[in-house]
1. Failed condition for TYR121, given (1) at pLDDT 95 or above; (2) open to solvent by 20 Å² or more (accessible area, probe 1.4 Å), with all others met?
2. So, in the stretch 17-49, how many residues would count as being touching a strand residue (DSSP E or B) at 6+ places or on another chain (Cβ under 7 Å) and either more than 13 Å from VAL65 (Cβ to Cβ) or hydroxyl-bearing (Ser, Thr, Tyr) (or both)?
3. Looking at ALA53, is it modelled with pLDDT of 95 or more, farther than 25 Å from PRO222 by Cβ and not charged (D, E, K, R)?
4. Consider LEU5 against the criteria (1) assigned to a loop (DSSP other than H, G, I, E, B); (2) touching a Phe, Trp or Tyr at 6+ places or on another chain (Cβ under 9 Å): it satisfies all of them except one. Which criterion is unmet?
5. Go through (1) open to solvent by 40 Å² or more (accessible area, probe 1.4 Å); (2) modelled with pLDDT of 95 or more; (3) in contact with a strand residue (DSSP E or B) (Cβ under 7 Å, 6 or more places away or on another chain); (4) not in a loop (DSSP other than H, G, I, E, B) and name the single condition LEU66 misses.
6. Restricting attention to the stretch 82-124, which residues are over 17 Å from the mean Cα position of the chain (by Cα), farther than 20 Å from LEU201 by Cβ and outside any loop (DSSP other than H, G, I, E, B)?
7. Which pairs have Cβ atoms under 8 Å, sit 6 or more apart or on different chains, and link a residue in the stretch 1-28 that is in contact (Cβ under 8 Å) with a residue 12 or more places away in the chain to one that is of a type in the set (Phe, Trp, Tyr) and open to solvent by 10 Å² or more (accessible area, probe 1.4 Å)?
8. Testing ASP131 on (1) closer than 26 Å to ARG188 by Cβ; (2) open to solvent by 10 Å² or more (accessible area, probe 1.4 Å); (3) part of a loop (DSSP other than H, G, I, E, B), one condition comes back false. Which one is that?
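The values are calculated or read from the model by the stated rules, or taken from the named source; none is laboratory data. Model, not experiment: these values are computed from the prediction. Cβ: placed from backbone, ideal geometry, glycine included. Neighbour counts: every protein chain shown. These accessible areas exclude ligands, DNA and RNA; they are computed on the full protein's heavy atoms, side chains included. Shrake-Rupley method; radii C 1.70, N 1.55, O 1.52, S 1.80 Å.
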Amino acid sequence: MKIALMDSGIGLLPAAAAARRLRPDADLVLSWDPDGMPWGPRTPQDITERALAVAEAAAVHRPDVLIVACNTASVHSLPALRARFEPDLPIIGTVPAIKPAAAGGGPVAIWATPATTGSPYQRGLIRDFADGVTVTEVPCPGLADAVHHADGAGVDAAIAAAAALTPEDVTTVVLGCTNYELVADRIRAALQRPGRAPLILHGTAGAVVAQALRRIDGTSAPEAAATGGLTIMLSGRAGVLPAEALDYAEGRLLQEVSPAR
């Protein structure tokens, strides 16, 4: 089995780590775009052009499935990606976990990039799955970029700014950018109120990998031997895991248990 994942930056690490845990025998192809990231400030057309190029770099390796581990690319580029690659290569998008978050009753905050916040796509998800629930959309300028560069001070500043926009009565937060899952503990620490029930955070990594396995009739096999290889594509060029990736547990897991191919 070969699973490809794509993103503008290292936000694909949570899903890649989930794939490695669920199928340690699967080969992984990670394709991202250091030359063009961040994608969030770009126009939808530009995002789609970059996403198609990154997907092409992954498709060269003939994966069984391609996970678009990026909310911004999923919002703007899924139709173009599916038109280009399906049915030969199944494309799995990443949708903010608004439905399961709203099922808890809220109030809910959705932390996302400025490109995703307020977009018709996100507003549609809120309309379809969070009717009757109080939802606050919180833009997080700079957070994804700071996470990508492992800029601790930048991460803390961006989280503090977003926390200031988050109502105090929020019980559940949707992490609407895959990069944010890499700093989930720091987000929780910034938002948790003394004496309140533990804040619930909803990411997407495990769910999107499970959906990818279903699409290719695969099953979870965490007990399998860790024989899966790891291929890195950086804006179409063969590379290695960047140093920034190794600042996160997910990146270290991939390096430690994945034979180089």
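1. Of (1) at pLDDT 95 or above; (2) open to solvent by 20 Å² or more (accessible area, probe 1.4 Å), only one is false for TYR121: (1).
2. Selection size over the stretch 17-49: 5.
3. Values: modelled with pLDDT of 95 or more: yes; farther than 25 Å from PRO222 by Cβ: yes; not charged (D, E, K, R): yes.
It is true that ALA53 is modelled with pLDDT of 95 or more, farther than 25 Å from PRO222 by Cβ and not charged (D, E, K, R).
4. For LEU5, the exception is condition (1).
5. (1)
6. Passing the criteria: ARG82, ALA83, ARG84, PHE85, PRO120, ARG123, GLY124.
7. Once the first residue is in contact (Cβ under 8 Å) with a residue 12 or more places away in the chain and sits in the stretch 1-28, its partners that are of a type in the set (Phe, Trp, Tyr) and open to solvent by 10 Å² or more (accessible area, probe 1.4 Å) give ILE10/TYR248; LEU13/TYR248.
8. Unmet for ASP131, out of (1) closer than 26 Å to ARG188 by Cβ; (2) open to solvent by 10 Å² or more (accessible area, probe 1.4 Å); (3) part of a loop (DSSP other than H, G, I, E, B): (1).
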